[in-house]
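Please read the structure below before turning to the comments.
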Amino acid sequence: MDVELLKRALRELVEREPAFFRDLFLEALRSDCRVAEALLELLTRHPEAGLKLAQAVAGSVAVPLNVATKDDIKAAVEYP
């Protein structure tokens with residue numbers, strides 16, 4: 001099989017089914033340390049990958065300050 005054809009197919013799969021790719025990636029992280037090492041290498045060599053990860057994490061834990069209560073802010077600060 002042509003490698004470029006496979007790459008295009010994988011890109012299309014990621015665009016159409018991001019949850020499938022996420023689940024596949026998480027399963028690989030749980031079972032094989034090589035995936036974690038590759039991810040670490042990606043994040044250290046490509047700042048844009050680290051930025052996207054930081055944005056995703058911030059977006060998932062951020063509490064809008066204009067609607068946050070004191071308890072919301074306290075819970076966000078205490079989050080591990």
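The values are calculated or read from the model by the stated rules, or taken from the named source; none is laboratory data. Predicted model only: the values in this text are computed from it and were never measured. When we count neighbours, we look across all protein chains shown, and the Cβ atoms used for this are built from the backbone with ideal geometry, even at glycine.
Residues checked against (1) at pLDDT 80 or above; (2) loosely packed, with under 10 Cβ neighbours inside 10 Å:
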{"site": "11", "(1), (2)": "yes, no"}
{"site": "14", "(1), (2)": "yes, no"}
{"site": "20", "(1), (2)": "yes, no"}
{"site": "23", "(1), (2)": "yes, no"}
{"site": "31", "(1), (2)": "yes, yes"}
{"site": "36", "(1), (2)": "no, no"}
{"site": "54", "(1), (2)": "yes, no"}
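For first residues located in segment 13-25 and without any contact (Cβ under 8 Å) to a residue 24 or more places away in the chain, partners that are of a type outside the set (Phe, Trp, Tyr) and in a helix (DSSP H, G or I) and lie 6+ apart or on another chain with Cβ distances below 6 Å form the pairs 21/14. Each residue in segment 43-52 was checked for being surrounded by 11 or more Cβ atoms within 10 Å (Cβ to Cβ) and either out of contact with any helix residue (DSSP H, G or I) (no Cβ under 6 Å at 6 or more places or on another chain) or at pLDDT below 80 (or both), and 4 pass.
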